[in-house]
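Report on one structure; see the data block that follows.
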Amino acid sequence: MRMSEQVGVVGLGIMGSAMAANLVKAGFAVLGYDLLPQRRAELKRAGVEAARSTRDLGGRAPIVITSLPSARALHDVASELAAAGHRRQIVVETSTLPIADKERARTLLARRDITLLDCPLSGTGAQAKLRDLVVYASGTRSAYRRCVPVLEAFARAHYFLGPFGAGSKMKFVANLLVAIHNVSTAEALVLGRKAGLDPKAMVKVLADGAGSSRMLQVRGPMMVKRNYSPAAMKVGIWQKDMTIIAEFARELGSPTPLFDATAPIYDAAIAAGFAEQDTASVCAVLERRAAQRRRG
């Protein structure tokens, strides 16, 4: 792909806006669209041209990246791209959604000679800004190869995992680990605080040992500061991912005892008013429980 060709980005939320900005930095001409006018205006300042609609974007960009919040949004976007009818277009679908919904979008687009790749991302919004994402790509290998320069503009690594849907399967497994490691980080830091350890020292020392995890490195500092905004992943949106993983494991008959144990803690974060804040806020939930036990 030539950098003079436009890359479209549909969905300019936390992840989509970061990818669009990094594509501009890499020298690509980027066309963006989001239903919210405020997001389109913000990206203009980063050098992204605002499209009039998804259909307008689809008619102009040979490669389109989608970053969407729901299966309904994917269906609507796929319908608009199909209506634009840009033959041989490639759509890089980066959202975390049920595979069956992505398959429906893939079939719809294929009728118009448009290829949909299943390419969910590993990484938070904060990591996306730093081009610290990993792409789990699956689908048609030739289409994936054509998109490699685009992927390398917003991700530090990308892997082709095979037939369509394999990327999402890998993403579900990865997010299962994220769910567990995020809560285990909070659990460890709350325990350390109660034992009198310095929170900053804990993050530094634990990150250098066998008990480290990416969640400790990324979300540990937020937990230390007890500051969960701005969110790299909102708890309310994360609940959608939790549901998808649970259903995926249930369909396969695979036990997930540790993952299941984290679900009530994320639910408690929602109930405590943290829906719009980062998932690191599970630390606040555990701190409150620790305080209640102490009083008891």
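The values are calculated or read from the model by the stated rules, or taken from the named source; none is laboratory data. As the structure is a prediction and not an experimental result, all values here were calculated from the model. Positions of Cβ are generated from backbone atoms using ideal geometry, with glycine treated the same way; all protein chains shown enter the neighbour counts. Note: areas computed on protein heavy atoms with side chains; ligands, DNA, RNA excluded. Shrake-Rupley method; radii C 1.70, N 1.55, O 1.52, S 1.80 Å.
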| message | With a cut-off of 8 Å between alpha carbons and a minimum separation of six or more residues, what is the relative contact order of segment 93-146 in percent? | response | 33 percent
| Surface per residue (accessible, 1.4 Å probe) for the chain, Å² | 48 Å²
| note | Heavy-atom accessible area with a 1.4 angstrom probe orders R146, R87, R55, most exposed first, as R87, R55, R146
| message | Tell me which chymotrypsin sites (Phe, Trp or Tyr not before Pro) from segment 141-178 have a DSSP coil assignment and no more than 16 other beta carbons within 10 Å of their own. | response | none
| J(HN,Hα) series, segment 86-97, from Karplus relation 6.51 cos²θ - 1.76 cosθ + 1.60, nearest Hz, glycine and proline x | 7, 4, 6, 5, 10, 10, 9, 8, 9, 6, 9, 9
| said: Let me cross-check R72: its accessible surface, 1.4 Å probe, with only protein heavy atoms counted, in Å² to the nearest 10? | reply: 150 Å²
| task | Just tell me, in residue order, which DSSP H segments of the chain are both 27 angstrom or longer along the helix axis (alpha-carbon based) and at least -0.5 in mean Kyte-Doolittle hydropathy. | result | 166-194
| If you roll a 1.4 Å probe over segment 145-296 with all protein chains in place, what percent of the accessible area is carbon or sulfur? | 57 percent
| said: Explain nothing, just the number: relative contact order of segment 10-140, from Cα pairs under 8 Å at least 6 residues apart, as a whole percent. | reply: 21 percent
| task | Just need the relative contact order of segment 56-117 here, percent rounded to a whole number, with Cα pairs under 8 Å and 6+ apart. | result | 41 percent
| said: Suppose we keep just the DSSP beta bridges with both residues in the chain; what percent of those would be antiparallel, to 5? | reply: 15 percent
| request: Loop only per DSSP, at most 14 neighbouring Cβ atoms within 10 Å: give me the GluC sites (Glu not before Pro) in segment 1-86, ordered by residue number. | output: E5
| Under 5 Å, built H, 5+ apart or other chain: amide partners of V91 | V64, T115, L116, L117
